[in-house]
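Rule-based calculations on the coordinates, nothing more; no lab input. Since this is a predicted model, take the numbers as computed values, not measurements. Cβ: placed from backbone, ideal geometry, glycine included. Neighbour counts: every protein chain shown.
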Amino acid sequence: MTRILAIDPSGTGTTGICLINNKSIEFQEYKNNHWANHYEFISSLVKLYQPNLLLYENTNFLSNRSKDSLNLIRLLGAIECLNLKTESINVLKVKELTKQLFAGTATIPNLEYLPGRGKGWLWKGKRISIHQLEAYLVWYLWNK
């Protein structure tokens, strides 16, 4: 049984979660302002779902060196220490695909964007956040 946990990590904001369990997909997100709490949440998901692989969006925004970016780097380092196979997708690839989806120059089956207040991204008709979308895109890009 293939279980993949794909994440759009945040050290101080919202971490998007996409769990792929064979062909079913489940979305979650976690909001907190401390990177260690994000790590504990991700670690608890690993224990609960026992994925074969953890995929995450990696960053190359190191020149910023803000508190948020440093906490994200701390979280990414901690993720790499989990007792689990990990792989990453570059943030620029995820952002580019997100941009193409917004513009309508790329499409993904079962995913649609409805513009307007209170609308947004839908996966099979269910609303998902931008963070959950990007967690899904991490898996989608890896799976291509």
Test N52 against the criterion of being farther than 15 Å from T15 by Cα and of a type in the set (S, T, N, Q), and give yes or no.
-> yes
Among what's in region 1-17 and is closer than 17 Å to L141 by Cα and in a strand (DSSP E or B), pick the residue that is farthest from the chain's Cα centre (by Cα).
-> R3
Hey, could you check region 81-101 for residues that are touching a Phe, Trp or Tyr at 6+ places or on another chain (Cβ under 9 Å) and part of a strand (DSSP E or B) and say which is surrounded by the fewest Cβ atoms within 10 Å (Cβ to Cβ)?
-> E87
From the set of residues in region 26-45 that are buried (at least 17 other Cβ atoms within 10 Å of the Cβ) and aliphatic (A, V, I, L, M), which is farthest from S69 (Cα to Cα)?
-> L45
